Amino acid sequence: MKFGQPSTLPRWAQLSVLPLLNLLAALAITGLVVWLIGEDPWECLKLLVGGAFGYGEGIGYTLFYTTGYIFTGLSVAAAFHAGLFNIGGEGQVYIAGLGVSLACYAFDSFMPAVFMVPLTIMASMLFGAAWAFMPGYLQAKRGSHIVVTTIMFNYIAAALMGYLFNRVLMEKGGTNTATRAFAEASWMPSMQQMGGWLGLTLPNTPLNASLFIALICCVLFWLVVWHSKWGFELRTVGTNEQAARFAGMNVSKVVIVAMCFAGALAGLAAVNEILGSTHRMNMTFTNGIGFVGIAVALMGRNHPVGIVLSALLFGALTQGGLDLSLDKPNITREMIIFIQGLIILFCGALENLFEPFIAPLFKRKP
Amino acid sequence: MAEIAIELTGIDKRFGDVHANRNVSLTIYQGSIHGIIGENGAGKSTLMSILYGYYQADSGHIQVRQQPVHIRNSHDAIRLGIGMVHQHFMLVDNFSVLENIVLGAEGGFTLKSGLDAARIHLKQLNQDYGLEVDPDAIVGQLGVGLQQRVEILKALYRGAEVLILDEPTAVLTPQEADHLFRILRALRDQGKTVVIITHKLREVIDVTDRVTVMRAGEVVGNVMTADVDKEDLADLMVGRKVNLQVEKSTRTPGEVLLDVRHVSLKDKRGVELLKDINLQVRAGEIVGIAGVSGNGQSELLEVLAGMLPASEGEMLFKGEDLFRLKGHRPKPSILREKGVAHIPEDRSREGLVKTFSVFENSILGYHHDRDIQKGWLYNRTALIEKAKRFIQQFDIRPTNPLLRAGQLSGGNQQKVVLAREIDSNPDVLLVGQPTRGVDIGAIELIHKQLVKLRDEGKAILLVSVELDEILALSDRILVMAGGRITGEVPAHEATATGLGCLMGGVQS
Amino acid sequence: MDLLFSILESTLRAATPLMLASLAGLFSERSGVVDISLEGKILAAAFASASVAYISHSPWMGMAAGMGVAVALAMVHAFVSVTYNGNQLISGMAINIIASGLTPVLGLAWFQQGGNSPQLESDMRFHEIAWPGVDAVRDIPFIGPFYSHLISGHSIIVYLTFIIIPVVTWFIYRSRFGLRVRAVGENPHAADTAGISVARIRYTALFWGGLLCGMAGTFLSVYQTGGFIREMSAGKGFLALAALIFGKWRPVPAVIGCLLFAFFDAIQIRLEGVSLPMVGEVPSQLIQVIPYVLTVLLMAGFVGRATAPKAIGVPFVKSR
């Protein structure tokens, strides 16, 4: 599986014009569907943008969703750079949630926040990486196809968690399938809280310090992938495995480590959800976040800057879409899933579809 | 005189800058075995591909049984009674012989009737030509010789009157080849026409009635086989080209740096790809390995570069057996550390990552080097400086180290690889096809660099299918054919004709 | 005894959509196109068939619509995979997500029932077909329950499926089309030099796959639940894919895989909360997970070796 067929367009156009056209195509089809179900697409767009960016709380929620999507987007991108298609983000986030919860169960009764927060972060990364390790290992050493294995691992994770919720994790006497609430020591500082430290009054939203972790991850991702020898090996294996072998790289090792890297990044999304927002683990907390990551990575062309932008797009779609659904009961959260699917189709499977149409525009100028 | 089966007139074909066929005219008589011989790149495969409809000639005419025809695709060719046996068999491995034969000519919606008819037909063909193929065998489990016969059957089943075989003996043992020749003679005797494309002189002499010799896209000879001998053909085939001139002083080579002893290689099925290879390369010496491609040179290079595990043998580098390091397969990274550098044969698949920038390609394989690291990150300035140094030393153009390697010409790509591999100051340099697809200017520069390295006391093992290159650069020439070394000639005694004989499998 | 037969009966019921989808995947994958979009096609077909059955009062119209929609999605996949030489995995994933997003959106807009379709009335659905003499033999030991649970009392789609299985098997192994499908999936270059259009074969294979997915979806909504429910495919497409791998891309073993997976499903429902002697209560999730674990082990070569068609997932580009 190799990505990025050579394109004749200038690089900046490949990175901006094509994704933009793909996005427009996806939005146009969505507009058509909106119109078909009897709503005004333009009005809906305005409501959606207003819901996502029009007021402080909306922005907070948008950025909260963006945070999670950055993590899963980076996760998918990390695997892509090694030539692997990681569909297992969903399961990796889920298992990472288990790691976070176990750490909280074990330590949150006595450990202070300064230790608790790093500990839970480590736990999430470790569990996410462990769940991604197995598909990576099976791909590298046994030749199992990573896509099929990660799909299976999503279901195995779901069954495992279902069992654990039933037997162990679910709070006694609780009404929801969720763990007990975790002690405050484990909470990620919320943006409102941190704003307070600086004397700012921010609205009460689930937006929390994970956003900063996400941005730091983006910078680290950029450094590791493009400026370290490990990233160099990762990209070489993903682009030309034969050349990687001739250069003396250990392809299996690179594949396995890449998957662990991807799993650890996905795992952090659990921190944002659980410790940043709900402060307990709900059974349905992942809610498709791993799949959004695929769209985010493809649209962001596997680059942190692109990923931040497309995560923001999806964050806005999620939050704006929720607001929109209050005004327009006909339009629900699923509309966003639909857009996500279209974006995967256009940005992923048909990424250069529009190239023949715009290539002449670039040919005339040198 | 027999009837004319196929007549090609004035066939001309270009691929970009490459003039593959120049005004080729050729007459093939019915009921004969016609050989087309020539070196790699002489244009013989292109010519036959035009006849079989893969390519359209830029100009020229084709006549089949004296009727002018247009062959637009393989379908047309099959309809005209032309069948082709490819060098790489076009068979479905997990199908039975019968299924492979009827594929595309099933003769109805259900398979049964087609298969039954084919079975009867096949029995007849088996009898007529002594093919001895079991119709129910699974193709993937058959040996190469039998698979080839399945290909022949496929063509015959489709009513081929003219059968083209592309390098049919390249993958066969001598016994299998003899069997094939018996089949071909039987085909001829039943009135079929056979065309074989080959570079092996022995089989041309043995089996053909007429020979067409091609060189550099042109027909240089059209003779009755009975009137010529091997030397004549070798002469025609290799020709008296203006040899590449490389200024080279005579030098007395120093100590033995690379000593390869009894190296053998077997593939998964147990076929011997390398048989008991022994060779030595001394400091200050270029040892050239000549041979037609596919005779084991690539495998030898890959074994020595740590890409394939040798089945047997030793590889002594300054007296130390590198194969012992790890199960007959030294890691490429360790080889580089020790001082054995490798310029792979296929630069775009093995030597470079085309979507990476020039400066990134400048460290491929040496990406652990300390001098380009700063902490856990790369020192980007040092990386770019390094690439700039390469660009200057080797006159790589364009001079921008940030360009992607794919944007460079073949010659400049090769310079990047060469610069990278010799920058670590290795003692032994394994070089594969250094000037394949490279323009004249770059060839000159690369050759000069290789001679300079030799003069500096490096030991260089050069594998090339370009005889001129071998002759121009080598101090000693080894010839490989069929996975073994068939001869050794000191450079000053070597002639193209003599080497041509050795390459054609004629022992000296 | 009765319990066993009723488990087998639920096995048959659960296996039907799996078998149809698995055979759909067989067409596509044997022709060399990876199809992880079975799930999406089933879901979209389930929605389309329920909607049209509801409007037209005809389950057959519903089935036609379900097939039409699944074929349309299959053609999108074919366009990406065959014409555009795009990434087949990403395309499949996109189709799954599109189906999972679009069906509730349209469902809500059309029926205002939270994304589900209205419950189908009797004349809009497929029904169990009682075979003659069921009541008469019901009490005969063994034969009675066998006849009433396994032979009689299923939907027409179940019977169709059991006709389709041998037909597809015959098609794949004994027809010209099947030979070409297998050739194209194994060595498209060989097929191409034999004068076969690789693209046409792959499009056709995906078309048939679409039809079968359409039936699978129809079975779920127009028969089993009597209406469309959001996400009602619930991983059946992936389970069918797992069964296909489990069956090493051969029709009969794949069908057996489906029956096996469906059997686990049937047991799991029966065992919920039941304490077994010796082992105690078996967690239902443990049984649920068996098909997935088996597939993983099989893929990794720990339990036999599943060799995929050689050219699978590789876009065909004419060489020479």
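Nothing in this text is a laboratory measurement; each read-out follows from the coordinates by a stated rule. All values derive from a computational prediction rather than experimental measurement. A quick note on method: Cβ atoms are made from the backbone with ideal geometry, for glycine too, and the neighbour counts reach across all protein chains shown.
Model label sites at B:Val69 and A:Leu215, defined 7 Å from Cα along the beta-carbon direction, differ in position by 7.2 nm. If you wrap the Cα atoms of the range A:25-172 in a convex hull and average its projected area over all directions, you get 13.6 nm².
Please check which bits of the range B:1-29 a label hung off B:Leu403 would reach, taking the label as a point 7 Å along Cα-to-C-beta and the cut-off as backbone N under 16 Å. Answer for this model: none. Taking a straight Cα-Cα cut-off under 22 Å and skipping sequence neighbours fewer than 8 places away in the same chain, the lysines within cross-link reach of B:Lys248 are B:Lys415, B:Lys448, B:Lys452, B:Lys458. Residue by residue, the range A:144-149 carries 3J(HN,Hα) couplings of 6, 6, 4, 5, 5, 5 Hz when phi is fed to the Karplus relation 6.51 cos²θ - 1.76 cosθ + 1.60 (θ = phi - 60°); x denotes Gly or Pro. Look at where the Cα atoms of the range B:385-450 and of the range A:146-212 average out, and the two centres are 54 Å apart.
Rounded to the nearest 20, the Cβ-based charge dipole of the range B:359-425 about its Cα centre (Lys and Arg +1, Asp and Glu -1) stands at 180 debye. Among the trypsin sites (Lys or Arg not before Pro) in the range A:303-366, those placed in a DSSP loop whose Cβ has at most 15 other Cβ atoms within 10 Å are A:Arg364. Straight-distance candidates among the aspartates and glutamates for linking to A:Lys328, with alpha-carbon spacing under 16 Å and chain neighbours fewer than 8 residues away dropped: A:Glu39, A:Asp40, A:Glu43.
Rounded to the nearest whole Hz, the Karplus-based 3J(HN,Hα) values (6.51 cos²θ - 1.76 cosθ + 1.60, θ = phi - 60°) of the range B:198-210 follow the sequence 7, 10, 8, 5, 4, 6, 4, 4, 5, 10, 8, 9, 9, with x at glycine and proline.
Entry note, chain A: relative contact order of 34 percent, from Cα contacts under 8 Å with a spacing of 6+ residues. Judged by the gyration tensor of its Cα atoms, with axes a ≥ b ≥ c, the range C:199-320 is oblate; a/c meets the 1.5 cut and b/c is at least as large as a/b. Total lysine pairs in the range B:4-238 at Cα distances under 18 Å, for residues eight or more apart or on different chains: 7. Principal-axis analysis of the Cα atoms of chain C puts helix C:59-78 at an angle of about 30° to the longest axis. Taking the C-alpha atoms only, the angle from helix C:88-111 to the longest principal axis of chain C is near 50 degrees.
Peptide C:175-181 shows a mean partner chain C-beta count of 5 within 10 Å per residue C-beta. Between A:Ile331 and any residue 5 or more places off or on another chain, the built amide H atoms are never under 5 Å apart. So if I take the centroid of the Cα atoms in the range B:267-292 and the same for the range B:188-257, what is the distance between those two points in Å? What the calculation gives is 22 Å, centre to centre.
Axis angle, to the nearest 10 degrees, between helix C:176-186 and the longest C-alpha principal axis of chain C: 70 degrees. Note: chain A, Cα convex hull, 165 Å³ per residue.
Per Stokes-Einstein, at 25 °C and 0.890 mPa s, what whole-number D in µm² s⁻¹ belongs to the range A:74-155, with the Kirkwood radius over Cα pairs as the hydrodynamic radius? My calculation gives 182 µm²/s for D.
From the largest down, the range B:359-425 spans 35, 24, 18 angstrom on the principal axes of its Cα atoms. Annotation: amide H-H contacts under 5 Å for B:Arg215 (H modelled 1.01 Å from N, sequence separation of 5 or more, or interchain): B:Val220.
Averaging Cα coordinates gives a centre for the range C:143-198 and one for the range A:241-261; these two points are 40 Å apart. Between A:Gln92, A:Gln319, A:Gln139, the GNM of chain A built on Cα springs shorter than 10 angstrom shows A:Gln139 fluctuating the most. Using just the C-alpha positions of the range B:1-88 as equal point scatterers, what log10 of I(q)/I(0) does the Debye formula give at each q in 0.13, 0.17, 0.18 1/Å? After summing over all Cα pairs, the log10 values are -0.40, -0.71, -0.80. The shape of the range C:72-188 comes out oblate: with a ≥ b ≥ c from the C-alpha gyration tensor, a/c is at least 1.5 while a/b does not beat b/c. In whole percents, the pair-distance distribution calculated for the protein assembly as shown from its alpha-carbon pairs, binned every 20 Å from zero, is 10, 34, 35, 18, 3, 0. Its Cα centre serving as origin, the protein assembly as shown has a Cβ charge dipole (Lys and Arg +1, Asp and Glu -1) of approximately 880 debye. A compact globular protein would have a Cα radius of gyration near 2.2 N^0.38 Å; the ratio found for the range B:4-238 is 1.00. Calculate log10 I(q)/I(0) of chain B for q = 0.06, 0.09, 0.11 Å⁻¹, where I(q) comes from the Debye formula with a single equal point scatterer on each Cα and nothing for solvent. The computed values of log10 I(q)/I(0) come out as -0.33, -0.72, -1.02.
Below 8 Å, C-alpha to C-alpha, sequence gap of six or more: please give me the relative contact order for chain C in percent. 33 percent. Remark on B:Ala290: its backbone amide H falls under 5 Å from those of B:Leu478, B:Val479, B:Met480, a criterion applied only to residues 5 or more positions apart or on other chains, H modelled at 1.01 Å from N. Projected onto planes of every orientation and averaged, the convex hull of the alpha-carbon atoms in chain C covers 18.5 nm².
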